[in-house]
Each structure stands twice: as C-alpha cells, then as structure tokens.
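What follows is one structure encoded as structure tokens, with my remarks underneath.
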Amino acid sequence: MAAALQTLGGGIGITLHWIAFTPTIEQQATEEQKKKWLKLAQDVAIVGAYAQTEMGHGTFVRGLETTATYDPSTQEFVINSPTLTSTKWWPGGLGKTANHATVMAQLYTRGKCYGPHNFMVQIRSLENHQPCPGVTLGDIGPKMESNGNDNGFARFDHVRIPRENMLMKFARVEADGTYVQPPSSKLAYSNMVYLRGTFVMSAAQALASATTIAVRYSCVRRQSEMKPGEPEPQILEYQTQQYKLFPQLAAAYAFWFASWFMTQQHGSITGSMEKGDMSGLAELHALSAGLKSYTTAVTARGIDVCRMACGGHGYSHASGLPALFGGAAALCTAEGENTVMMLQTARYLVKCFAQSQAGKRLTGTVAYLSAVQPSPVAGNRNMSDLGTLVAAFQHRAARMVRHAAMQMQGEMQKGKAREDAWNSCSVLLIKAAEAHVHSFVVRNFAETVQTVEVDESVRAVLTSLCQLYSLYGITEHAGDFLKDGYLTGRDIDAASSHLSAMLARVRPDAVALVDAFDLHDKILRSVLGRYDGRVYEHLYEWAKKSPLNKSEVHESYYKYLQPFLKSNRAKL
Ligand SMILES: CC/C=C\C/C=C\C/C=C\C/C=C\C/C=C\C/C=C\CCC(=O)SCCNC(=O)CCNC(=O)[C@H](O)C(C)(C)COP(=O)(O)OP(=O)(O)OC[C@H]1O[C@@H](n2cnc3c(N)ncnc32)[C@H](O)[C@@H]1OP(=O)(O)O
Ligand SMILES: Cc1cc2nc3c(=O)[nH]c(=O)nc-3n(C[C@H](O)[C@H](O)[C@H](O)COP(=O)(O)OP(=O)(O)OC[C@H]3O[C@@H](n4cnc5c(N)ncnc54)[C@H](O)[C@@H]3O)c2cc1C
C-alpha cells in the first residue's frame, strides 16, 4: 500500500508517515492516546506528517516559534503561527498528502513557556481532504531529489485542539493548566534519536545500492587496452577502479553492521528508560547523532564516487545513481544537520574526557578514552592484524579528543567564556568526534566479522573487507596516525601495500559481495546494475522512452530553431 502510494508520484508520498509520524505516536503518546491514534496510523486510516521544522528554525528546536497555548476555560490548546518564519516548512507529506500532523510547538500554560512539545493536529478533512479551518497548507516547491514526496508548509491561525491532543507520555498539562515535568526535558526529542538511528541503515542501504550498481556495471563495461593488442578488459580489472569501489563496498558492510549495533542499543536503552532508568540516554543520543552524521556523509560522497566510476552512463538517470545521491544528500541535512549532530557527539566526548581526567572509569563506546596511553609506543606493527588496526583508530581518536578538550580548557584558562572557547575549538571538536565515530565503526566491524555466525570461507572474505576498510581509513588519514609517532612512515607504507593486496583479494568476490545485499532490480531501479547484466539493450530501450523522443521533430524546432536558422541563413 505504502509502496503504491510512494510510486503514485505527482506529490504523493507517505515515507514520513511511516518513519516519523507513526513512531512519534508510539514513543510519545500515552496508552490512552495510542488506543485512539496508533492503529489508525498503522492501518493508514489516517496519514500523518512530523511537523517540527519551520521556515526560520530547523536545528535550534528551542527556538521554534509555533505556539500551543493552554486555555483552561475550554480545556483546549490554541495552536498558532505568530510570524512568517514560524510557518512549518519541509515536513514530508505536510503540504498535500497528510490529514494529520504531530506539531512541535512551544507550550504555554498559566502564562509560562515550558519549551517544545508535540501536539496531534488534524490538518485536512477526512471527507474531502480540504484543509481544516484555520490551517493553510501547500508544497514548498521542487527540490534536489525525492520530488515524489511532497515537502510542505503549514500555517495555523489560532487552531483549537482538545487538551488530550498533547502527546503526554512524558510531560503533561492537567485540566486546570498545571504543567507536570517529564523525567528528562529531552524525552520530547526521543523520536529524533530513533530516526537518526534508522538513518544509519538508510545510509548502508544507499551505499549498498550504489556499489551494487557500480560493481556490476564495472564487470559489464569493457574499455581501453591494458596491454597492446589484447581485448578490452572489464574496467573492474583496473586497480584504480577497485580503489574507488571496494572501500565504498566495505563501508556499506561496515555501516550495515553499525546499524545492527544501533538498533540493539536503541532497544536496550529505551527498554531501561521505560523502567525509569535514564542513564543510557546521553550515550544513545551521542552515538545516534555521530553515526547518523558520519555514515550519511561518507555515503553521499561514496555514491558520487560510484557515479563517476561509471563514466557518462553513471551521469544518466538510467543508472539510478543521481537519484541515490540526491536521496543520500537529503540524509545529511534532515533529522539533524550533520555538522550540528557531530558537535553533539563532541559535546558528549568532552564531558566524558573530563570525567576520565577526574578518575572516573569510562564504559560503553567511550571506554577506550580512559584506556589508551597518551605516550605512543612506536614500533613495527603488524598492519594486517585487525587488533592492531582497531587499536590504531582508538589511539588516534583518544589523542584527538584529548587535544580538542585540552585546547578548549586552554582557551578558558585565558579567560574565554566556555561558549566562546567551544566555538573557537569547534573545528578540532568536529574532527575529534569524527575520529571517535570512525574508530567505533572499525571496532564494531572487526568484532562482527569475528563473531557473526557464518561459514569460515565467508568469514575470511568479510575479514579481508574489514582489513580493506581499516587500511583505507589509515592511508586516507595518515597524518592523524603519524602525528604523535603512534604509527611510523614504515607502518603507513605497510598499510598501503596491504591495501593493494586486499584490493586484489576482494576482486574475485566483488560480485558475490554485492549480490549478497539481495537488492531486487525493482529496488535498484538501474539499467547499469541489472542482475542479468543486459545493460546495452536496456539502455537503448530506456532512452527511447525519453519524453523528447515522443515526436521525431520536437515542437521546439518549429517554435525556436527553425525561425532562428531562417533568420541566420537570410543574413548570408
Ligand atoms: C535502497 C535504497 C536505500 C536508501 C535510499 C537512499 C537515500 C534515502 C532516500 C530518500 C531520502 C529523501 C528523503 C528522506 C530524507 C529525509 C526525511 C526523513 C526524515 C527527516 C525528518 C526531520 O528532519 S524531523 C526534524 C529533525 N530536526 C532535528 O533533528 C533538529 C536538530 N536539533 C536538535 O536536535 C537540537 O536542537 C540540538 C540537539 C541541536 C540542540 O538542542 P538543545 O539546544 O536543547 O541542546 P543543547 O545542545 O543545549 O544540549 C542540552 C543537553 O541536551 C542533550 N540532548 C540534546 N538533544 C538530545 C536528544 N535528542 N536526546 C537526548 N539528549 C539530548 C545534550 O546532549 C545536552 O546534554 P548535556 O548533558 O551535555 O547538557
Ligand atoms: C528532504 C528533507 C526532508 C525533511 N523532512 C522533514 C520532516 O519530515 N519534518 C521536519 O520537521 N523537518 C524536516 N526536514 C527539515 C530538516 O530537519 C532541517 O532542514 C534540518 O534540521 C536542518 O535545519 P535547517 O534546514 O533550518 O538548517 P539550519 O539549522 O539553518 O543550518 C544551516 C547551517 O547552519 C549550521 N548551523 C546551525 N546551527 C549550528 C550550530 N549550533 N553550530 C554550528 N553550525 C550550525 C548548520 O551546520 C548548517 O550548515 C527535512 C529536510 C529535508 C532536506
């Protein structure tokens, strides 16, 4: 059903109904409220949008301007868009598709503001889909990609909703207007943590799609001469093509395994939170924010590498790669813009570093911060050993976190306010947080390939892929590892030669590794990545269906070219 709606095109798409609106009810509604709305949403008897971002604010949620003012005389909330910039702007499905929305608004009761909270608002009639009284709706216009989804705008002119439409699982407003505090003010943000976690899998799937297309096409495409007089080789035989594609293929597996960890962590920590234990929320937020930022950024870049590796046909929509790139680019901005998210991870790391300095033993994904020795012990390391590679990434991250935190402490000792010190160190902080997430992805990849229940021959291939991913990361960021002498120039040279060996080692299994993603042609939507490899026939068929080929002589000839040619010829 959803897929059908999704492909209707013409502005209909209910992605956000499934990934944002429905989960918000699941996570933020009381049991009573779930009885009222959850089944309706799950059965698509109502269609919803998650309306948080406004024209003037996306990142700074505390700065949102939409208001929800409680009226005790009628036991209603009045939802209002007080300014132009308070117009809800971007929410998927809001403009033309949804008839309900969870609206994030500043809650006012008894004259006091209690910050952003979620409210259920019906925005269109269930009879004729017309906007409800006081609600103005529309689409925000064409975007870079994903134009099958309407991203809409909404304005509310003192729209009244029952008190019971405030999602009250955590915070509440009583009938007399009394506000009841939630266990943590950030629980209103919990659905964003969940969504960021799902973005890690979206990134993995997107990179898996792109590498499937590019690897398969690189086996079909033959070009140039490797040796004079020999037949044109598959372009995947060129080491440069392997160097472009195999690290992206390895990253797709790494992110796939990272999303398994994220899903498990989210389940276990939210399970504890249900029992009142909030202790895991900070780590969950930091991990989901950092992984979302890191995986979506690497994925967007990686998809474009795959596109370029497919030459001109990669640039055609027939390849499916431009659309994938556009989708992945959206993941870098939506659900928390990547820079801002990585800074959230940095904020957590600086806190943990300070606790470690004060003697606290760190646990979870930051445990290594207290275990890693500041003074490196240089020496000829075995750069093909996974344990050595993991340790190198953890040392790099610990050094960079320490450096950024000490830099910030130094700024504050010179008299700078904490916020100013933070801002003047934020580039260092971002790099340190990226190194932290990178070390987590490497460690998780290594632990997964060593423990996952597979045939030993499969484990061998996955181990090579994990080595390739790690060695690529070390050679791409060599300066970080050389800086304090933890790795030497000889180690980096060894890493480079091992990487070349891994490229050759992975080559025979490359097609099997992408086939293992089991992405149907209908999902890939790519002539270049077809499972049957019959690219050229289908490329020609695809081109013939181009709208420009509907007529032999396009109408533009008669309107523009013919008079232009005539006038130019008349001057000869
Ligand atoms: C086969 C094919 C496969 C794939 C296809 C390919 C590609 C994909 C296809 C298509 C894609 C196209 C379209 C779809 C894409 C996207 C659409 C989907 C979803 C998008 C939905 C949205 O965007 S919803 C809106 C999202 N908005 C945000 O995320 C806002 C971001 N801002 C914030 O979260 C906050 O404002 C903030 C965190 C930046 C700052 O908050 P605040 O100022 O309150 O906090 P402080 O920084 O001061 O910190 C205070 C303390 O609070 C802690 N904190 C902050 N946030 C949280 C949280 N969420 N949970 C827990 N704790 C939190 C923070 O750590 C601080 O704690 P301290 O202890 O340090 O004080
Ligand atoms: C395809 C798509 C779908 C979307 N779907 C939804 C949806 O369904 N529901 C919804 O509510 N929203 C949705 N959004 C909106 C999205 O959540 C916001 O675009 C995102 O949160 C970023 O906010 P912004 O656009 O206001 O950018 P801004 O917050 O204005 O950021 C602009 C730039 O300023 C920088 N910046 C901002 N704050 C800081 C800071 N503290 N430190 C350093 N740099 C900073 C950012 O890094 C960024 O580069 C969608 C967006 C897209 C692209």
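Details
- As a fraction of the 1.4 Å probe accessible area of the range 421-572, surface on carbon and sulfur atoms comes out at 57 percent.
- Relative contact order computed over the chain (Cα-Cα under 8 Å; 6+ residues apart), in percent: 12
- Using a cutoff of 8 angstrom between alpha carbon atoms and counting only pairs six or more residues apart, the relative contact order for the range 448-502 works out to 37 percent.
- Mean ellipticity per residue at 222 nm, deg cm²/dmol - from DSSP H runs of n ≥ 4 across the chain, formula -39500 (n - 2.57): -17000 deg cm²/dmol
- Furthest towards positive pole of dipole, Y194, H117, L468, structure part the chain, Cβ charges: H117
- Peptides ranked, highest mean first, by Cβ atoms within 10 Å: ranges 286-295, 354-363: 286-295, 354-363
- Dipole of the range 290-359 [Lys/Arg +1, Asp/Glu -1 at C-beta], most positive-end residue of S356, Y315, T296: S356
- Per residue solvent-accessible surface (Å²) - the range 419-572, probe of 1.4 Å: 58
- Between H129 and R418, the modelled labels are 5.1 nm apart [label points 7 Å from Cα along Cα→Cβ].
- The range 21-151 shape via C-alpha gyration tensor axes, a/c threshold 1.5: oblate
- Bridging of K39 to aspartates and glutamates at a Cα separation below 18 Å is possible for E26, E31, E164, once same-chain residues fewer than 8 apart are set aside.
- Carbon and sulfur %, accessible surface of the range 213-265 computed with the full protein complex present, 1.4 Å: 54
- Eligible lysines near K351 by straight Cα distance, threshold 28 Å, same-chain separation 8 or greater: K186, K275, K292, K360, K414, K416, K431, K483
- Think of each Lys and Arg Cβ as +1 and each Asp and Glu Cβ as -1; about the Cα centre, that makes the dipole of the chain roughly 980 debye.
- Semi-axis lengths, largest first, of the ellipsoid equivalent to the range 463-572 are 52, 25, 11 Å, with √(5λ) applied to each eigenvalue of the Cα gyration tensor.
- Each label point was placed 7 Å from the Cα along the Cα-to-Cβ direction; for K559 and Q42 their separation is 5.2 nm.
- Taking only the Cα atoms of the chain, the ratio Rg/Rh comes out at 1.02, with Rh defined as the Kirkwood radius.
- The range 160-254 - accessible surface per residue (Å², probe 1.4 Å): 38
- Most positive-pole-ward Cα, I523, L561, L539, against dipole of the range 489-571 from beta carbon charges: L561
The values are calculated or read from the model by the stated rules, or taken from the named source; none is laboratory data. Since we're looking at a predicted model, the values are computed, not measured. When we count neighbours, we look across all protein chains shown, and the Cβ atoms used for this are built from the backbone with ideal geometry, even at glycine. For the accessible areas, the whole protein counts, side chains as well, though only heavy atoms, and no ligand, DNA or RNA atoms are used. Shrake-Rupley method; radii C 1.70, N 1.55, O 1.52, S 1.80 Å.
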